[in-house]
Amino acid sequence: MRRVPVPAALALGVLLLVPSCGWGGTADGDEGRLPAAPTGVTAAAGSATSVHVMWNAVASGDISGYEVYRDATKVEEVHGSEHMVDVTRLRPSTTYVFTVRARDTEGRLGPRSRAVRARTPAAVAADTSAPSRPGGTRGRAAGSRAVQLSWAASTDDRGVASYEVYQGSTKIHSVGGEQTATVVTGLRPGTSYTFTVRARDAADNVSAAGAAVRLTTAPGTDDGRDTAPTDFRATTRRADGAYHLDLSWVPPEADGVITEYQVHLDGRPATSLVWGGTAPRGRATYSFYVGREAGVSHRVRLRARLPDGTWGGFSAERTVTTGGGR
């Protein structure tokens with residue numbers, strides 16, 4: 001565990017804490033500032049010869065594209081509006097290391113993301129049988145910018161390596177063969193979408209599409225509760241002559257990894273939490289310094305930056321009083 005102290009805040013966990021006044025930079029603004037390193041990078045084998053790489057959109061600066069590297073070699077490049085790609089023509093039974101870099105509209109490349117590893121499964125000789133089509137596909141709108149999808153597992157004589165999610169005729173996502181649900185973010189408010197799911201095996205045989213699911217996202221005026229952290233709790237404690245707020249919550253479901261949160265104290269942004277290592281997928285915790293005076297009440301809530309680079313909805317707001325426990 002590494003603690004990074006900043007004025008008026010203490011982190012529990014591996015965090016980088018960003019003051020609420022902004023993201024830093026030079027006195028001249030963002031001129032000369034490189035794009036940030038993408039966060040939330042994951043890699044999962046899609047077949048014996050492909051790996052699906054995902055990352056969170058870089059929210060700061062004008063991003064024109066992303067470059068994906070296999071070891072030191074650039075293997076893919078996508079538009080700045082995308083944050084996932086399939087790396088193909090790989091070798092079976094091989095471990096690969098991937099990193100991602102963001103490029104801004106002036107052509108400047110930011111630093112590499114943290115490295116992630118994925119191992120392709122073994123090739124299956126003379127396998128020409130595709131998996132069965134996924135059954136029981138269902139879904140629901142999760143606010144104005146996301147939907148939740150689920151399906152029944154496909155069967156295959158050698159095993160399902162991955163499931164591919166399509167929006168219309170375009171493949172937009174891939175998950176591991178053991179997963180039968182996902183959340184798709186980055187959608188437009190008040191818009192109808194059609195989704196289907198296909199199964200792929202290690203030999204790159206692809207099933208027929210499951211039944212189409214038609215969903216309409218909520219209008220843009222919704223409160224974002226479907227993308228908010230849940231089971232948010234706040235208590236106070238006294239340590240070393242000062243009072244702290246101990247916060248805990250469950251991250252929202254998202255099509256990717258949540259690495260950043262913004263804490264609001266008494267109605268105003270107080271600080272941002274950015275996980276520099278592995279972000280928690282279960283309950284997350286954070287300890288927040290609030291001063292030395294007893295009997296002071298505070299209102300606190302937080303929200304997550306979603307993998308598509310937008311802010312999700314706020315958690316429930318809690319009111320706590322220093323020296324008074326919960």
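The values are calculated or read from the model by the stated rules, or taken from the named source; none is laboratory data. Note that the coordinates shown come from a computational prediction; the quantities given were computed from them, not determined experimentally. Backbone-built Cβ (ideal geometry, glycine too); neighbour counts: all protein chains shown.
Restricting the range 242-260 to residues that are among the small types (Gly, Ala, Ser) and modelled with pLDDT of 90 or more, which is surrounded by the fewest Cβ atoms within 10 Å (Cβ to Cβ)? So that I can check it myself, show each step before the final result.
Let us first name the residues in the range 242-260 that are among the small types (Gly, Ala, Ser), namely 242, 248, 254, 256.
Subsequent filtering for residues that are modelled with pLDDT of 90 or more retains 242, 248.
Working: Ala242: 14, Ser248: 16.
Looking at residues that are among the small types (Gly, Ala, Ser) and modelled with pLDDT of 90 or more, I get Ala242.
Among the residues of this structure, Arg114 does not count as one that is among the basic types (Lys, Arg) and more than 19 Å from the chain's Cα centre (by Cα). Checking each residue in the range 101-120 for being assigned to a loop (DSSP other than H, G, I, E, B) and either touching a Lys or Arg at 6+ places or on another chain (Cβ under 8 Å) or not assigned by TED's automatic domain parsing to the domain that holds Glu77 (or both) picks out Gly110, Pro111, Arg112, Ser113, Thr120.
Testing Arg33 on (1) touching a Gly at 6+ places or on another chain (Cβ under 7 Å); (2) buried (at least 19 other Cβ atoms within 10 Å of the Cβ); (3) free of Cβ contacts under 8 Å to residues at least 60 places away in the same chain; (4) not hydroxyl-bearing (Ser, Thr, Tyr), one condition comes back false. Which one is that? Result: Arg33 passes all but (2).
For the condition surrounded by fewer than 20 Cβ atoms within 10 Å (Cβ to Cβ) and modelled with pLDDT of 90 or more, Glu293 qualifies. Does Asp204 satisfy the condition of being in contact with a Ser or Thr (Cβ under 6 Å, 6 or more places away or on another chain) and farther than 30 Å from Trp311 by Cβ? The answer is yes for Asp204.
Pairing each residue of the range 139-151 that is under 16 Å from Ala211 (Cα atoms) with any residue that is basic (Lys, Arg) and in a strand (DSSP E or B), provided the two are 6+ apart or on different chains, yields C-beta distances under 6 Å for Gln148/Arg140; Ser150/Arg138. Figure legend. Inter-residue proximity from the range 305-317: first residues outside any loop (DSSP other than H, G, I, E, B), second residues surrounded by 19 or more Cβ atoms within 10 Å (Cβ to Cβ) and of a type in the set (Lys, Arg), beta-carbon distance below 7 Å, spacing 6+ or different chains. Indicated pairs: Trp311/Arg303; Trp311/Arg305; Gly312/Arg303; Gly313/Arg303; Phe314/Arg301; Phe314/Arg303.
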